[in-house]
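The values are calculated or read from the model by the stated rules, or taken from the named source; none is laboratory data. For clarity, every value in this text was computed on a predicted model and none was experimentally measured. Ideal geometry is used to build each Cβ from the backbone, glycine not excepted, and the neighbour counts take in all protein chains shown. With ligands, DNA and RNA removed, areas are computed over all heavy atoms of the protein, side chains included. Shrake-Rupley method; radii C 1.70, N 1.55, O 1.52, S 1.80 Å.
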Amino acid sequence: MEINIWGMIGLYGGVIGGLLGWWFGRQKARKKRGLDELYYHIWQKARSYSWYVTLGALYVFFTLLNFGIELSTAMVLGILLLTHVASWGIIGIILTINMSSAAPLQPSRV
């Protein structure tokens, strides 16, 4: 088995970069008094809703398996992780805009 050095650098470099960005962002928000009750409420709700999106993705994968489509474990776990984190971020942004603006976002009828 051959080790892909660039893959390892990307994997662990991404984790280190993400953690550093998260830490510096929290430090900046703490200095500007941005870590209040509303912040914690919004991101707790966003995390809760993102689990529903992840559950939907799990049902899609189980349906694909029932139809006989071959899926690799790494691909499924990667897509589930991306689904969960991306939906958490997108829902958090939408909730932040809705809670911070005078007129909340209204979904279009289309």
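For the reader, a short list of remarks on this structure follows.
- 1.4 Å probe accessible area per residue over the chain, in Å²: 84 Å²
- Dimensionless Rg/Rh of the chain - Kirkwood Rh, Rg from C-alpha atoms: 1.08
- Heavy-atom accessible surface of the chain: percent carbon and sulfur, 1.4 Å: 69 percent
- For the chain, built as a Gaussian network whose Cα springs stay under 10 Å, the top-fluctuating residue of Tyr52, Tyr40, Tyr12: Tyr12
- Cβ-derived FRET efficiency at R0 30 Å, Ile3 paired with Leu64, nearest 0.05: 0.45
- Multiplying the residue separation of Thr73 and Arg26 by 0.36 nm and subtracting their alpha-carbon distance yields 13.6 nm.
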